[in-house]
1. Looking at 17, 57, which one is touching a helix residue (DSSP H, G or I) at 6+ places or on another chain (Cβ under 6 Å) and either outside any loop (DSSP other than H, G, I, E, B) or without any contact (Cβ under 8 Å) to a residue 24 or more places away in the chain (or both)?
2. Go through the stretch 22-36 residue by residue and tally those that are in contact with a helix residue (DSSP H, G or I) (Cβ under 6 Å, 6 or more places away or on another chain) and surrounded by 15 or more Cβ atoms within 10 Å (Cβ to Cβ).
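Readers should treat all values here as calculations from the given coordinates under stated rules, not as data from a laboratory. Everything numeric here is computed off the predicted structure, so don't read it as measured data. Cβ sites come from the backbone with ideal geometry, for glycine too, and all protein chains shown count toward neighbours.
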Amino acid sequence: MIRGKRFTLNTGTVCALIIAFYAVYYILLCDNFPHISVASILAYSRQLPLTKHLVILGLIPIYIAAMLFGAAMLGIYLGARLQSVIDKRRRLKA
């Protein structure tokens, strides 16, 4: 049996992941961000020739996945940093 490092989700990581995912969800679905929301990309692609339009439609799932996994990586990093700050404060109080 292969034993590896077990990853646990602590409070800081969960909070940072929730915030990161909601931020990406808001960015992708709202029209407030003209160049990175899905609606604006689709509106731009309608003006292109058919082949380029189809290429953009094929790449949109990859774009969404990259945004979500990027948010997850950022959330895990920031959550670990937040948890280390929380742990340091707990040790100082004890």
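1. Numbers: 57 fails: touching a helix residue (DSSP H, G or I) at 6+ places or on another chain (Cβ under 6 Å).
Going through 17, 57 in turn, just one is touching a helix residue (DSSP H, G or I) at 6+ places or on another chain (Cβ under 6 Å) and either outside any loop (DSSP other than H, G, I, E, B) or without any contact (Cβ under 8 Å) to a residue 24 or more places away in the chain (or both): 17.
2. 2
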